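The values are calculated or read from the model by the stated rules, or taken from the named source; none is laboratory data. Bear in mind that the values here come from a model prediction, so they are computed numbers and not experimental data. Every residue, glycine as well, gets a Cβ built from its backbone with ideal geometry; the counts of neighbours run over all protein chains shown.
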Amino acid sequence: MKKYPVTVIVLILLLAMACKDEEIPPPATLTFATRTTIASETEGPILITVNLDKPAFHDIVVDFTIEGSAQGGIDYETTATATIANGDTTGALLITLIDDTDFEFDRELIDQAGILGETVKISIARITGNALPPENGEGVLHLLVIKDDEPVAKSLSIDLSWDSGDGTPGDVDMDLVLFLLDPTIGPRFLAASATIGTGFEKIAIGTPAPDGLYGLAIRYYEGASDNVTFTVKFTPGNGTLPGGATESSHMAVYTQANINGEENNPVQIVLTFEKKGPDYLTFSEIAVPASGSRGRGVQGTLPRDRSQEWHRVGQ
């Protein structure tokens, strides 16, 4: 009978014990600790925590998909990965916010939460290690809201009023919609006033609004009048009008041909003006469309005689 050295037998026993110790347990469940984080762009580094429901079996690496209205490298920096060390139950994704002097906003964020700023939408893309996302899909998404910290004050007020032909608003309903005329992507929806039964609409532009060419859509939504005289009045707050004027008014008339109740068509921009710092310049007259007055949606079209002006200002 062969006799094995004692050291060999001990080594075999140790290996057997090691294999037994390395039995892989069932995967842990990985989720975000919270659904939402709200931070100012001046806060710098932000940690977005992920949790395990039991200690990690060896290191676990989590890769994330980053989307949203905020732009990587401009509004924030991140490696889009987090590590949970062996034996730990938490890890964190580091996102470093970049402070700037630009006015930034997400229209959906304003509508839903009344916050000026942008969003970073974070989702779990891949897990390397002994962990899985929950079967019900809960806790795998996180929203980081970056609040813009630029001071906001009323720079310019825009008021729309109308006369249905008898000295009153009558049964006429009109809407006021504001766009930034971006020379690269086209008209960019900023704000709308579309109340019912008031006889007027109003939009205010804040001081941090970007410079550029702006456009108004003035929509004849419904009514029986064939002779609606409407007035758009601009009143400066912290801004200034040409010649230091205290207000600037523009008047035009819509007929039944201008009624448009559809909401899926491009808007028709009928008045433009330029913003340079606190100054508001080059107000156009109102260009009444031959038909329609569409004022909904996020796309727009300029009157033909103003298309060259738009591109010139944007250059």
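Residue under question is Leu178, and the condition is that it be in contact (Cβ under 8 Å) with a residue 40 or more places away in the chain and assigned to a strand (DSSP E or B); does it hold?
The answer is no for Leu178.
All of (1) under 17 Å from Pro27 (Cβ atoms); (2) assigned to a strand (DSSP E or B); (3) acidic (Asp, Glu) hold for Glu77 with one exception: (1). Does any residue of region 194-206 turn out to be within 30 Å of Gly44 (Cβ to Cβ) and either in a loop (DSSP other than H, G, I, E, B) or of a type in the set (Phe, Trp, Tyr) (or both)? So far as region 194-206 goes, no, none of its residues is within 30 Å of Gly44 (Cβ to Cβ) and either in a loop (DSSP other than H, G, I, E, B) or of a type in the set (Phe, Trp, Tyr) (or both).
In the list Asp175, Asp163, Asp159, which residue meets the criterion of being farther than 27 Å from Gly117 by Cα and crowded, with 16+ Cβ neighbours inside 10 Å? Please lay out each step first, then the result.
Numbers: Asp175 fails: farther than 27 Å from Gly117 by Cα; Asp159 fails: farther than 27 Å from Gly117 by Cα.
Answer to the selection: Asp163.
Return the only residue of Thr246, Thr240 being surrounded by fewer than 23 Cβ atoms within 10 Å (Cβ to Cβ), over 16 Å from Phe200 (Cβ atoms), free of Cβ contacts under 8 Å to residues at least 12 places away in the same chain and in the same structural domain as Leu160 (by TED's automatic domain parsing). Talk me through it step by step, then tell me what you get.
Working: Thr240 fails: free of Cβ contacts under 8 Å to residues at least 12 places away in the same chain.
Thr246 is the lone residue from the list that is surrounded by fewer than 23 Cβ atoms within 10 Å (Cβ to Cβ), over 16 Å from Phe200 (Cβ atoms), free of Cβ contacts under 8 Å to residues at least 12 places away in the same chain and in the same structural domain as Leu160 (by TED's automatic domain parsing).
Of the candidates Leu94, Leu109, Leu181, the single residue that is modelled with pLDDT under 95 and in the same structural domain as Asn51 (by TED's automatic domain parsing) is Leu109. Yes or no: Thr49 of a type outside the set (D, E, K, R), part of a strand (DSSP E or B) and either farther than 23 Å from Glu135 by Cβ or at pLDDT 95 or above (or both)? Yes.
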